[in-house]
Amino acid sequence: MPLRAGIWVGGGAEGGFIRNMQFNPHYGSRLPEGGQGYPEVFMMRFVQSNCSALKFADVKNQTIFNNFVYGSVYGIHFLKDAITGKYPGKMTVIGHGSDGCTYSLFVEDADKNTKIVAVNSELVNTKIPNEPVRSYVLMGNEVNTGKVHPNAKLILYNSAFWGSPVFGAIINNGIVSFQQANFTRSGTQGIDVRGGKAHVYTSYFAQKIAAPTAGDGGYARLGEQGKSIELTNNYYLSGFRFNKSGEGLIYGSDKK
């Protein structure tokens, strides 16, 4: 059972493939001869707080196809290469699934040439007792982080999000685009733009909000240092619920 990293790719690799892989570290903690379950709960808690199942650093033109990971703090993780000092380049992620994760997809480091395109992803959070903040997508580790360039791009097409998030997506810098996303659960905020920009097109927010929005609650939020958010042609189960602070720009067909 890997405790801190599953598969880690970097060092200037170019044109590689990782495909049809299932990463299920909790199998090692199951009882033999049947007895399905999680007898070594403390070990899985450690993995869900410390392990990155898939890590990509200095790579170019990487294709990640039809993979599934379970039980990590970061299901799929993009970061600066510790050896070459370079950032992730252009890569395509098709049919990726993260389950049982604190953050299902995390972009920690990215430069102006980073462009990550994910198609047909299923990103899932689990309610992990010792992880009070959880989200499907985390772009940057803090507001306006210098580790993510303002022009770094993360683009998600046809994505399914469900589970127990606190926030649907936390965007601290860069540009994140969602097209045809299904948020079964969106948490306190569906899209929380704390820095950088977001574009949300033709997506479905299925979580019911029983009462009028209070405080920071709602389907989307533009924080004090968020630059902009575009909301176009989306459906919100409880109607358009949005919060804004600061001078950032809200635009798109959903804004009345």
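I'm checking my understanding of the structure. Among residues of the stretch 117-128 that are within 14 Å of residue 71 (Cα to Cα) and assigned to a loop (DSSP other than H, G, I, E, B), which one is most open to solvent (accessible area, probe 1.4 Å)? Out of the qualifying residues, it is 127.
Restricting attention to the stretch 141-154, does a residue exist that is at pLDDT below 95, part of a loop (DSSP other than H, G, I, E, B) and either closer than 30 Å to residue 113 by Cβ or touching a strand residue (DSSP E or B) at 6+ places or on another chain (Cβ under 6 Å) (or both)? So far as the stretch 141-154 goes, no, none of its residues is at pLDDT below 95, part of a loop (DSSP other than H, G, I, E, B) and either closer than 30 Å to residue 113 by Cβ or touching a strand residue (DSSP E or B) at 6+ places or on another chain (Cβ under 6 Å) (or both).
Considering the conditions (1) open to solvent by less than 10 Å² (accessible area, probe 1.4 Å); (2) out of contact with any Leu (no Cβ under 7 Å at 6 or more places or on another chain), residue 106 is excluded by exactly one of them, (2). On the stretch given as the stretch 70-89, residues that are part of a strand (DSSP E or B) and more than 21 Å from residue 140 (Cβ to Cβ) total 1. The residue of the stretch 60-78 that is farthest from residue 103 (Cα to Cα), among those that are at pLDDT 90 or above and surrounded by 22 or more Cβ atoms within 10 Å (Cβ to Cβ), is 64.
It is to be established whether one or more residues within the stretch 242-249 are modelled with pLDDT of 95 or more, among the aromatic types (Phe, Trp, Tyr), over 19 Å from residue 125 (Cα atoms) and surrounded by fewer than 22 Cβ atoms within 10 Å (Cβ to Cβ). So far as the stretch 242-249 goes, no, none of its residues is modelled with pLDDT of 95 or more, among the aromatic types (Phe, Trp, Tyr), over 19 Å from residue 125 (Cα atoms) and surrounded by fewer than 22 Cβ atoms within 10 Å (Cβ to Cβ).
Every listed requirement among (1) touching a Pro at 6+ places or on another chain (Cβ under 9 Å); (2) part of a strand (DSSP E or B); (3) farther than 30 Å from residue 42 by Cβ is met by residue 173 save one, (2). Evaluation of residue 50 against the conditions (1) surrounded by fewer than 23 Cβ atoms within 10 Å (Cβ to Cβ); (2) under 13 Å from residue 6 (Cβ atoms); (3) in contact with a Phe, Trp or Tyr (Cβ under 8 Å, 6 or more places away or on another chain) shows that the sole unmet condition is (3).
Going by the conditions given, is residue 159 out of contact with any Gly (no Cβ under 7 Å at 6 or more places or on another chain), in a strand (DSSP E or B), among the polar types (S, T, N, Q) and surrounded by 21 or more Cβ atoms within 10 Å (Cβ to Cβ)?
yes
Residue-wise test of (1) surrounded by fewer than 24 Cβ atoms within 10 Å (Cβ to Cβ); (2) farther than 22 Å from residue 72 by Cα; (3) free of Cβ contacts under 8 Å to residues at least 60 places away in the same chain; (4) under 15 Å from the mean Cα position of the chain (by Cα).
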position	(1), (2), (3), (4)
130	yes, no, no, no
135	no, no, yes, yes
145	yes, yes, yes, no
153	yes, yes, yes, yes
181	no, yes, yes, yes
194	yes, yes, yes, yes
204	yes, yes, yes, no
207	yes, yes, yes, no
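For the stretch 215-241, the set of residues classified as touching an Asp or Glu at 6+ places or on another chain (Cβ under 7 Å), under 16 Å from residue 180 (Cα atoms) and open to solvent by 30 Å² or more (accessible area, probe 1.4 Å) consists of 232 only. Residues in the stretch 3-20 that are at pLDDT 90 or above, open to solvent by less than 50 Å² (accessible area, probe 1.4 Å) and in a strand (DSSP E or B): 9, 13, 18. Note on the stretch 90-113: residues that are in contact (Cβ under 8 Å) with a residue 60 or more places away in the chain and outside any strand (DSSP E or B) total 0. Being at pLDDT 90 or above and not polar (S, T, N, Q) holds for only one residue in 106, 46, 42, 23, and it is 106.
The values are calculated or read from the model by the stated rules, or taken from the named source; none is laboratory data. Bear in mind the structure is a predicted one, so any value in this text is a computation, not a measurement. Cβ sites come from the backbone with ideal geometry, for glycine too, and all protein chains shown count toward neighbours. SASA here: full protein model, heavy atoms, side chains in, ligands and nucleic acids out. Shrake-Rupley method; radii C 1.70, N 1.55, O 1.52, S 1.80 Å.
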